[in-house]
């Protein structure tokens with residue numbers, strides 16, 4: 001930074017200090033080491049008092065900088081006037097006029113600090129612009145930077161200009177949880193941030209094994225209930241008054257005797273009818289208890305292999321009762 005003047009030396013010195021402080025206060029800008037006098041630089045490089053574009057480029061090469069601020073001040077009565085310039089390599093020169101009271105000769109004066117701050121804002125546009133390049137899979141999400149919407153991703157990518165400094169990036173997309181990150185953008189290029197979108201749709205295709213498992217177990221319970229009703233029916237027949245009365249008058253199979261009518265008992269026909277009824281329910285037991293066991297076993301197996309529950313198809317006993325008019329039985333099966 002170099003300010004040239006032929007008469008307002010105190011003002012030029014205080015303005016230079018105020019400009020330095022103003023630059024340091026802007027996020028993203030900093031000052032390089034070194035203190036240069038514009039008069040010395042223009043003389044050494046054989047430039048005019050107001051250096052042209054070619055001379056400004058040579059000054060930048062001399063001080064090894066990509067940008068520098070320079071200016072000229074003159075005093076007119078109680079005012080200091082002039083122009084400040086920002087030269088940037090590859091972009092040329094930006095200029096802004098300056099005018100303030102000649103009484104402002106202290107760099108810490110609030111009024112002079114405002115002049116310096118406004119001048120730096122006019123020359124630089126504020127904090128240097130950087131960019132954030134976002135990669136988020138292949139989604140077409142909306143991008144928010146520091147809480148403000150800035151655009152959308154195309155095929156999961158997008159580049160968005162921002163001021164240099166730290167920023168909070170948030171991507172919202174239908175069917176995905178919000179993805180966010182904090183990134184430090186630089187003025188020298190685009191800062192990359194990679195986000196991994198996580199699907200929010202937790203619905204899964206129907207688990208037919210699980211459904212079949214519950215249907216199988218439910219069917220087993222229903223079939224077992226029919227078998228149990230058959231047991232009660234046979235039991236009721238065994239306890240029938242006519243059957244009990246007839247049982248004491250015959251030897252051997254009372255049902256065969258009742259059907260053959262060999263005893264002449266007055267209730268033989270009723271006993272034979274009860275025997276036929278009991279036989280029907282014995283057949284139902286023989287059918288429905290095995291079906292219940294098969295259905296429930298298949299249901300347990302399907303549940304165990306559905307991936308939604310622990311394996312409950314381990315070893316164990318299966319019991320199948322059977323009750324008849326003459327006798328009862330219980331079969332047991334062990335599975336391993």
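The values are calculated or read from the model by the stated rules, or taken from the named source; none is laboratory data. Computed from a predicted structure; not experimentally measured. FYI the Cβ positions are ideal-geometry reconstructions off the backbone, even for glycines, and counts take in every protein chain you see.
What to note about this one:
This table checks each residue for (1) at negative phi; (2) not assigned by TED's automatic domain parsing to the domain that holds residue 292.
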{"position": "137", "(1), (2)": "no, yes"}
{"position": "148", "(1), (2)": "yes, yes"}
{"position": "154", "(1), (2)": "yes, yes"}
{"position": "199", "(1), (2)": "yes, yes"}
{"position": "217", "(1), (2)": "yes, no"}
{"position": "222", "(1), (2)": "yes, no"}
{"position": "227", "(1), (2)": "yes, no"}
{"position": "230", "(1), (2)": "yes, no"}
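- Criterion violated by residue 234 - all others in (1) part of a helix (DSSP H, G or I); (2) out of contact with any strand residue (DSSP E or B) (no Cβ under 6 Å at 6 or more places or on another chain) satisfied: (2)
- Residues that are modelled with pLDDT under 75 and under 59 Å from the mean Cα position of the chain (by Cα) do occur in region 205-220.
- Residue 120 vs. criteria part of a strand (DSSP E or B), modelled with pLDDT under 90, closer than 16 Å to residue 21 by Cα and not assigned by TED's automatic domain parsing to the domain that holds residue 150: no
- Test for residue 105: is it in contact with a helix residue (DSSP H, G or I) (Cβ under 6 Å, 6 or more places away or on another chain), under 19 Å from residue 14 (Cα atoms) and assigned to a helix (DSSP H, G or I): no
- Residue in region 199-220 that is in contact with a strand residue (DSSP E or B) (Cβ under 7 Å, 6 or more places away or on another chain) and not in a helix (DSSP H, G or I) present: yes
- Among the residues of region 157-176, those identified as surrounded by 13 or more Cβ atoms within 10 Å (Cβ to Cβ) and either out of contact with any strand residue (DSSP E or B) (no Cβ under 7 Å at 6 or more places or on another chain) or in a loop (DSSP other than H, G, I, E, B) (or both) are 164, 173.
- Flag if residue 238 is crowded, with 17+ Cβ neighbours inside 10 Å, under 26 Å from residue 289 (Cα atoms) and at pLDDT below 75: yes
- Search result, residues across region 111-140 that are under 14 Å from residue 156 (Cα atoms) and in contact with a strand residue (DSSP E or B) (Cβ under 8 Å, 6 or more places away or on another chain): 132, 133, 134, 135, 136, 139, 140
- Among (1) surrounded by fewer than 16 Cβ atoms within 10 Å (Cβ to Cβ); (2) closer than 30 Å to residue 131 by Cβ; (3) in contact (Cβ under 8 Å) with a residue 12 or more places away in the chain, the one test that residue 56 misses: (1)
- If the condition is being exposed (fewer than 14 other Cβ atoms within 10 Å of the Cβ) and within 15 Å of residue 54 (Cα to Cα), then region 74-92 contributes 89, 90, 91, 92.
- Failed condition for residue 101, given (1) outside the structural domain of residue 65 (by TED's automatic domain parsing); (2) in contact (Cβ under 8 Å) with a residue 12 or more places away in the chain; (3) more than 22 Å from residue 70 (Cβ to Cβ): (1)
- For residue 66, the conditions (1) under 49 Å from the mean Cα position of the chain (by Cα); (2) touching a residue at least 60 places away in the same chain (Cβ under 8 Å) are fulfilled apart from (2).
- Which numbered condition residue 95 fails, given (1) outside any strand (DSSP E or B); (2) surrounded by fewer than 16 Cβ atoms within 10 Å (Cβ to Cβ); (3) assigned by TED's automatic domain parsing to the domain that holds residue 44: (1)
- Contact annotation: residue pairs with Cβ atoms under 8 Å, 6 or more positions apart or on different chains, pairing a residue in region 176-190 that is free of Cβ contacts under 8 Å to residues at least 40 places away in the same chain and outside the structural domain of residue 27 (by TED's automatic domain parsing) with a partner that is surrounded by 14 or more Cβ atoms within 10 Å (Cβ to Cβ) and assigned to a loop (DSSP other than H, G, I, E, B), are 176/139; 176/141; 176/197; 177/197; 180/195; 181/195.
- The number of residues in region 10-35 that are surrounded by fewer than 16 Cβ atoms within 10 Å (Cβ to Cβ) and touching a strand residue (DSSP E or B) at 6+ places or on another chain (Cβ under 7 Å) comes to 1.
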